Amino acid sequence: MDDIIIVGAGIGGLTLGLALHAAKIPCRIFESAAEIKPIGVGINLLPHATNELATLGLEQALARVAIATEDATFFNRFGQLIYQEPLGRAAGYDHPQFSIHRGDLQMVLLDAFRPRAGDNRLITNHHCVGVEQDEFGVSVHFSDGPGGSNRGTVRGRIAVACDGINSAIRKQFFPGEGEPRYSGVNMWRGVTRWKPMLSGASMVRAGWLSHGKMVIYPIRPAGADGLQLINWVAEIETATYRKRDWTRPGSIEDFIGAFADWHFDWLDVPAFIRAADSVLEFPMVDQDPLPRWSFGRVTLSGDAAHPMVPRGSNGAGQAILDARALTTALLENDDPIAALAAYQTQRLETTTRIVLTNRTNPPDAILREVFQRTNDQPFGAIDDVISRDELVALSEGYKRISGYSKDALRT
Ligand SMILES: Cc1cc2nc3c(=O)[nH]c(=O)nc-3n(C[C@H](O)[C@H](O)[C@H](O)COP(=O)(O)OP(=O)(O)OC[C@H]3O[C@@H](n4cnc5c(N)ncnc54)[C@H](O)[C@@H]3O)c2cc1C
């Protein structure tokens, strides 16, 4: 009855569970899936998020399975270098930027949560269908899977919706909101085992959305065969799209034409795509920012609160920062309603700015600028197209807005 009820054992829910447990605030996590499997492909954790995970004692476990990313490198679709800057520790941050398989990240969190909090604190096969509250607590209702039969009701002090972009609790509070908003860009995502490219820890962005953009970065250290698991995302403006589903298979023939002549000295892109283990298709979506997340004893967190288009490496990181802010608010406020209001004050405006900036000026705005200024033609010298100062300003602007400039982190 005194427990905080966390709905969803994804990245945000598990991090919140760990943070609450460390703060000695009892909680239980209820997850819709029957079993937590390492699903997904690549995700990036910027230094503000890895700082929080280090506080939870997870940096070494992450370092064993992830890549400490060293540089962001931008090319046009002719393979010409536009801009390169160091990232994470290589850029002087106190914590690394990690590029990691989402499944590996989820397993690191799970392998920490279960022994620390106890096996009985994570309950699977519980799909939240709604929540009610009274002056003493919350009643969270569950079925066994979407559309499944009733599994009963759990009482708690507070409920936190960490149930992702299809959040049932968000839908309850905003019934007229409709489906996530399609950005006009479709994504094909995959992983390929390949020899290390560039620095071996580079995050590459190349091309532009109208003709085809690629994001490529390694997510697991090289094995005995010298090959890394390398994540890639092909992003192309596409009028139509299919319903989003994290596990929908995609077809290489639907998009490889855009990259047919991308034969660079650092990578043969068509060969690399064709060597993929598997290909998934997912439309790039977000939702308009909400006016509020906290309703008495119930609040939203992570993608349930602020789904964003994945153009700033910030989705998982902002869920992790929510967990920290919510834990702090609960420690600082005895009254749970005041705590959830304080959490909303701390996080809503910041994440609203990030959601909107990810639509307009995320880091890949660098590619858009060069694409427009060159009329999509090869350039002679990049300095004739855009100055180094402008490139740095574009990159630093996003860091400031999303809260991971070095100055912001040091203070
Ligand atoms: C299966 C899956 C694969 C993904 N793959 C990628 C990827 O490859 N790359 C990427 O950038 N992002 C991926 N994401 C999204 C990414 O994890 C999030 O954008 C980000 O980490 C924010 O995390 P979150 O905890 O808010 O949401 P999520 O990580 O999406 O977690 C939500 C959790 O809630 C559970 N859940 C959903 N509905 C209910 C309900 N009604 N009751 C109880 N539990 C519920 C889900 O099963 C999931 O475990 C994936 C998400 C999922 C669920």
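Given a 10 angstrom Cα cut-off, can you work out which residue in Gln344, Gln228, Gln377 is the most mobile in a GNM of the chain? It is Gln377.
So how strong a dipole does the range 216-362 carry about its Cα centre when Lys and Arg Cβ are +1 and Asp and Glu Cβ are -1, to the nearest 20 debye?
Values: 13 positive and 19 negative charges, 88 e Å.
Rounded to the nearest 20 debye, it is 420 debye.
What list of whole percents do you get for P(r) of the range 351-411, with Cα-Cα distances grouped in 10 Å bins up to the one holding the largest distance? The distribution over the range 351-411 is 21, 43, 25, 9, 0, given as percents. Between the listed residues Leu46, Ala329, Ser149, the Cα displaced farthest toward the positive end of the dipole of the chain, a dipole computed from Cβ unit charges relative to the Cα centre, is found at Ser149.
Only one residue of Ala159, Trp246, Gly178 has its Cα farthest out toward the positive end of the dipole of the chain, where Lys and Arg carry +1 and Asp and Glu -1 on Cβ, and that residue is Ala159.
Counting residues in the range 5-71 as N, plug N into 2.2 N^0.38 Å and put the Cα Rg over that result. Write down the numbers at each step before the final one.
Numbers: Rg = 13.3 Å, N = 67, 2.2 N^0.38 = 10.9 Å.
Ratio of Cα Rg to 2.2 N^0.38 Å: 1.23.
Protein heavy-atom accessible surface, 1.4 Å probe, per residue over the chain: 41 Å². Once the gyration tensor of the Cα atoms in the range 287-411 is diagonalised, the equivalent ellipsoid follows with semi-axes of 37, 15, 9 Å, ordered largest first. Considering only Gly148, Gly17, Gly250, the Gaussian network model of the chain with Cα springs below 10 Å gives its largest mean-square fluctuation to Gly148. Compactness check for the range 224-289: Cα Rg over 2.2 N^0.38 Å is 1.31.
Quick one: with all protein chains in place, what share of the accessible area of the chain is carbon or sulfur, to the nearest percent (1.4 Å probe)? Working shown, then result.
On the way: 8340 of 16690 Å².
The C+S portion of the solvent-accessible surface of the chain is 50 percent.
Normalised by residue number, the volume inside the convex hull of the Cα atoms of the range 60-163 is 204 Å³ per residue. Take 386-393, 152-159 and order them by the average number of nearby Cβ atoms within 10 Å per residue, most first; the result is 152-159, 386-393. For the chain, a simple Cβ point-charge model (Lys and Arg +1, Asp and Glu -1, everything else neutral) yields a dipole of about 440 debye relative to the Cα centre.
Working note: Cα atoms of the range 1-123, range along each principal axis, descending, whole Å: 59, 30, 21. Evaluated at q = 0.10, 0.12, 0.13, 0.14 Å⁻¹, a Debye calculation over the C-alpha positions of the chain (equal weights, vacuum) places log10 I(q)/I(0) at -0.67, -0.96, -1.12, -1.29. If I model a spin label at Ser395 and Gln60 as a point 7 Å from the Cα along the Cα→Cβ vector, what separation in nanometres do I get? The modelled label-to-label distance comes out at 3.2 nm.
A P(r) calculated from all alpha carbon pairs of the range 166-230, with 5 Å bins opening at zero, reads 4, 13, 17, 13, 11, 10, 11, 10, 6, 3, 1 percent.
Could you work out [θ]222 nm for the chain from helices alone, using -39500 (n - 2.57) per DSSP H run of at least four and dividing by all its residues? Round to the nearest 500 deg cm²/dmol. Each step should come with its number before you reach the end.
On the way: 11 runs with 127 residues, N = 411.
Roughly -9500 deg cm²/dmol at 222 nm, from the helical runs in the chain.
The values are calculated or read from the model by the stated rules, or taken from the named source; none is laboratory data. Since the model is a prediction, treat every value here as computed from it, not as a measurement. Counting neighbours? That spans all protein chains shown, and the Cβs are built from the backbone with ideal geometry, glycine included. Only protein heavy atoms, including side chains, enter the accessible area calculation; ligands, DNA and RNA are left aside. Shrake-Rupley method; radii C 1.70, N 1.55, O 1.52, S 1.80 Å.
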